[in-house]
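Inspection log for the structure reproduced underneath, given as structure tokens.
The values are calculated or read from the model by the stated rules, or taken from the named source; none is laboratory data. Note that the coordinates shown come from a computational prediction; the quantities given were computed from them, not determined experimentally. Cβ placement follows ideal geometry from the backbone for every residue including glycine, while neighbour counts extend to all protein chains displayed. Heads up: the accessible areas ignore ligands, DNA and RNA and are worked out on the full protein's heavy atoms, side chains in. Shrake-Rupley method; radii C 1.70, N 1.55, O 1.52, S 1.80 Å.
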Amino acid sequence: MSLFPMFLKLEGRSCLIVGAGSIAFEKIESLLPTGASLHVVAPEAMPEVETLSAQGQIVLTRREYQPSDLEGVFVAIAATATPAVNHAVIAEARRRGILCNSVDDPPYCDFYFGSIVRRGDLQIAISTNGDSPALAQRLRREIDAQLPEDLGQWLEQLGHLRREVLARYPAGAERKALLHTLAQRSLCEAEDCPTRQLALAPEASHAAGKVPA
């Protein structure tokens, strides 16, 4: 079976995490930046999870999981230390058509959490289809060591410039070629930045191949 890689928009969507120990906390941390509405259900919670609840970053319900907790949920995470509970969560989630992940239990997962390399908005996700999370983590470390630390800042500037180009020039082969060129050049915020001059020069200069030094 081949997995289909995708990046989900979770902002404002309801996500249920069953469990509030170290296993669950790792998943909660990875979901927080997405803007998802996180509901954590567990009879007890580790201090870090309690802190997130006190800060209003998650909703914490201190009790045993109930099937009704899945009402209106978009994604569910079964992250307890009790396999029977995790299996009950995913069985109910599947019955309701809800995507579910049972942590460290590949046969009971509809999706996996990839090993992620991040630089700002840039994310590189690595998956081994559950065959070897250790290999995914090794590859993550190797890729992470090779990427510049300021790559996220450069990408943010490139994104702003790309939007300016899209607003300035009509769709077509020349605009596409320009965008690919910009993605290979250094960039700064200064008005006299050569890459900015190239991007915002009269369209005729692009057609003529006149690229600022």
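Kindly report the accessible area of region 1-71 per residue (heavy atoms of protein chains, probe 1.4 Å, no ligands, DNA or RNA), in Å².
On a per-residue basis, region 1-71 sits at 61 Å².
Which order do you get for 58, 116 if you rank them by accessible area with a 1.4 Å probe, largest at the top?
Working: 58 10, 116 45 Å².
Largest accessible area first, the residues go 116, 58.
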task = Report, by chain and number, residues whose modeled amide H sits under 5 Å from the one on residue 13, excluding near sequence neighbours (fewer than 5 apart, same chain).
result = 37
message = How far apart, in nanometres, would the label points at residue 22 and residue 192 be if each is projected 7 angstrom from Cα along the Cα-to-Cβ direction?
response = 5.6
inquiry  = Within 14 Å, Cβ to Cβ, of residue 68, how many net charges do the neighbouring residues add up to if Lys/Arg are +1 and Asp/Glu are -1?
reply    = -1
remark   = Extension length gain for residue 165 and residue 30 (0.36 nm per residue less Cα distance), in nm, is 45.3 nm
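Could you check what % of the DSSP bridge pairs in region 22-132 are antiparallel, to the nearest 5? Intermediate values should be presented prior to the final figure.
Values: 5 of 12 bridges.
Looking only at bridges with both residues in region 22-132, the antiparallel portion is about 40 percent.
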remark   = antiparallel share of DSSP beta bridges within the chain, to nearest 5, in %, is 25
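Where in region 17-48 are there GluC sites (Glu not before Pro) that are in a DSSP coil and have at most 11 other Cβ atoms within 10 angstrom of their Cβ?
Working: sites: 26, 29, 44, 48; in loops: 44.
Loop-located and lightly packed - 44.
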key: Whole-percent carbon and sulfur share, accessible surface of region 75-213, 1.4 Å   = 53
remark   = For P(r) over Cα pairs in 10 Å bins from 0, in percent, with candidates [x] 7, 26, 25, 18, 15, 8, 1; [y] 8, 31, 34, 21, 5, 1; [z] 6, 20, 28, 23, 15, 6, 2, 0, the value calculated from the shown model is option [x]
Selected from 24, 84, 134 as most flexible by GNM, with the chain as the system and alpha-carbon contacts under 10 Å = 84
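For the chain, which longest stretch is free of loop sites, where a loop site is one of the trypsin sites (Lys or Arg not before Pro) that DSSP puts outside H, G, I, E and B and that has at most 12 other Cβ atoms within 10 Å? Before the final figure, lay out the partial values.
Values: sites that count: 9, 63, 210.
My reading of the result: 64-209 is the longest stretch.
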message = As a test question: what accessible area, to the nearest 10 Å², does residue 61 have when a 1.4 Å probe is rolled over all protein chains in place?
response = 40
request  = Enter the Cα centre distance for the pair region 33-98 and region 157-197, rounded to the nearest angstrom.
outcome  = 43
inquiry  = Need one number: nm distance between label points at residue 121 and residue 177, each 7 Å from Cα along Cα→Cβ, rounded to one decimal.
reply    = 2.6
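Using the beta-carbon distance between residue 151 and residue 96 and R0 = 35 Å, what value does 1/(1 + (r/R0)^6) give for FRET efficiency, to the nearest 0.05?
Details: r = 40 Å, r/R0 = 1.14.
Calculated transfer efficiency: 0.30.
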ask   = Where is the GNM fluctuation largest for the chain (alpha-carbon springs, 10 angstrom cutoff): 169, 108, 65?
value = 169
key: At R0 = 41 Å, FRET efficiency that the Cβ-Cβ distance of residue 128 and residue 62 yields, to 0.05   = 0.70
